[in-house]
Structures are given as structure tokens and as C-alpha cells.
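Notes to accompany the following structure.
The values are calculated or read from the model by the stated rules, or taken from the named source; none is laboratory data. Remember, predicted model here, so these are calculated numbers, not experimental data. Every residue, glycine as well, gets a Cβ built from its backbone with ideal geometry; the counts of neighbours run over all protein chains shown. Accessible surface is based on the protein model in full, side chains and every heavy atom, while ligands, DNA and RNA are left aside. Shrake-Rupley method; radii C 1.70, N 1.55, O 1.52, S 1.80 Å.
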Amino acid sequence: MVDRLANSEANTRRISIVENCFGAAGQPLTIPGRVLIGEGVLTKLCRKKPKARQFFLFNDILVYGNIVIQKKKYNKQHIIPLENVTIDSIQDEGDLRNGWLIKTPTKSFAVYAATATEKSEWMNHINKCVSDLLSKSGKTPSNEHAAVWVPDSEATVCMRCQKAKFTPVNRRHHCRKCGFVVCGPCSEKRFLLPSQSSKPVRICDFCYDLLSTGEVTACQSTRSDSYSQSPKSSLNDASDDDDDEDSSD
């Protein structure tokens, strides 16, 4: 079906509409062979709180952006090549239900659908697209993924020293290797993680010591591990902050 739609007028028109919704700030999305599989609103777990984001699934990329006007205008376009994507289901807990992880070498995060059926459909379609891409290219699935950041609200004290309490003065920081929320003294070092940045990035002392001795995998946490160690944030948390997973902290 995807092959039949690839160069159809209807598919070209649908992709053009998505491009126009992002305006001049968005990247062009129309290329030969690209097909728009589906779209919908998912709740993305951001650093400050869960937020609604518009997602578009194509046969080769996943695109999402902030909702400015529902069905009409979006900004802050993000494009994720599906060849690098791995997804894992997340167990329901509290307000966070029907979720899964989207993991890539450069960025990983959790998203939540409105219903279990919607979650299943999204995951099935994404897995099918990834499988088809890898089959055509002959590549193997990526085994390197960026850590999923633990939301600020899940840590009142540093997750490494377990002593430093966070205040307006003692700010939260995130280790780029394990995703933990840590204090400044526990994350003063930088380390080059080529898949995430061309410059050394902030990591916690624990991960720095392991990376320096070559024990890379030991400091890579999983999202489920982080969930089991800390309380859940509420989907009703009120804040107007934008996505800031790429911030310097």
C-alpha cells in the first residue's frame, strides 16, 4: 500500500498541507517515495511537564511540533529518521498511561496516547516502518540510544549524591549519559558523546568515571529504571514552558 501511495497526487497533497502547517521555519518534507502514514496528538514527557505535541508518521521519518493552532499551525519542528528509532512500551502508572519510549542515538523521550488502542496502532505502524526501512537498506537496528531525561518534578534532591536539595538557587541539571537529575557539584565534568553533540556535554561524576575507564554500558540507565526510582509527575501540572530537552542544563 505504501508503494502505491508513494507518488500519488493525494499523498503529495497531504504532505504539502503538513509542510504549510509548519510555515517557513519548517524543513521541506516532500521527497520522492515519502508517504504520510498517519498523524495525531500525543502527550510528550518533557523536562518540565507532559505536553501535547502534534506527531506525523511518514514511512521514513517521524515529525513532531508544538501546537499553535490545532490542525492549522505548528512550530518547533523536529524530524527523526526512523532507521535510528527503537520503541519500548511503558507500563501504566497513575496519570501516565498508554505510553512508550521513542529512542534514538541523539534524543530519547516518552510519549503517551489517549487510549490503549491508539498506543497499539502507533507502535505497530512505527515498528512496521522501521522494519521495512532496515529490510530495504540491509542495516541492523541501532543499539545506541540517548538517555531519556528524568523530568525535573521527579527529583527533589540530587539523584547521585542523594543530599543536595533543589531550590531556585541550587538548580537542577541533567546528565546526558544516564538522564538523571543532578546537582551542579555532581555534574561539573564534560565528556564527548559524538552521537549527541560535536562538543563535550554535561555528565554526572558517576558516568564520567565509568566512561573514562571504558565501562560505557554501566552508566546507561533505562527509562523504566528511572520510573521505578522516583514518583510520577502529574499530567495536570501547570506550566507554559517550551520543550527544553536541548537546554544547556
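Going by the conditions given, is Val157 surrounded by 13 or more Cβ atoms within 10 Å (Cβ to Cβ) and modelled with pLDDT of 95 or more? Spell out how you get there, then give the answer.
Numbers: surrounded by 13 or more Cβ atoms within 10 Å (Cβ to Cβ): yes; modelled with pLDDT of 95 or more: yes.
When the stated conditions are applied, Val157 passes them.
Mind checking which residues of segment 145-171 are closer than 13 Å to Ser187 by Cα and either touching a Ser or Thr at 6+ places or on another chain (Cβ under 6 Å) or among the small types (Gly, Ala, Ser) (or both)?
Filtering segment 145-171 down to residues closer than 13 Å to Ser187 by Cα leaves 158-161, 164, 170-171.
Once the filter is applied, which keeps residues that are closer than 13 Å to Ser187 by Cα and either touching a Ser or Thr at 6+ places or on another chain (Cβ under 6 Å) or among the small types (Gly, Ala, Ser) (or both), segment 145-171 yields only Ala164.
For the subset of segment 168-182 comprising residues that are open to solvent by less than 30 Å² (accessible area, probe 1.4 Å) and among the aliphatic types (A, V, I, L, M), which member is farthest from the chain's Cα centre (by Cα)?
Start the filter on segment 168-182 by keeping residues that are open to solvent by less than 30 Å² (accessible area, probe 1.4 Å), which leaves 173-182.
This time we only want the ones that are among the aliphatic types (A, V, I, L, M), so: 181-182.
On the way: Val181: 17, Val182: 20 Å.
The residue in question is Val182.
Considering Cys186, Cys161, which residue is at negative phi, in a loop (DSSP other than H, G, I, E, B) and more than 21 Å from the chain's Cα centre (by Cα)? Step through it out loud before you land on a result.
Details: Cys186 fails: in a loop (DSSP other than H, G, I, E, B).
Step by step, each of Cys186, Cys161 is checked, and only Cys161 is at negative phi, in a loop (DSSP other than H, G, I, E, B) and more than 21 Å from the chain's Cα centre (by Cα).
Does segment 165-183 hold any residues that are assigned to a loop (DSSP other than H, G, I, E, B) and in contact with a strand residue (DSSP E or B) (Cβ under 6 Å, 6 or more places away or on another chain), and which are they? Give the steps one after another, and end with the answer.
Taking segment 165-183 first, the residues assigned to a loop (DSSP other than H, G, I, E, B) are 166-172, 175-180, 183.
Hits for segment 165-183 are Arg172, Cys175, Arg176, Lys177, Gly179.
Those residues that are in contact with a strand residue (DSSP E or B) (Cβ under 6 Å, 6 or more places away or on another chain) and part of a loop (DSSP other than H, G, I, E, B), I need them from segment 28-58; list them, please.
Hit for segment 28-58 is Arg34, nothing else.
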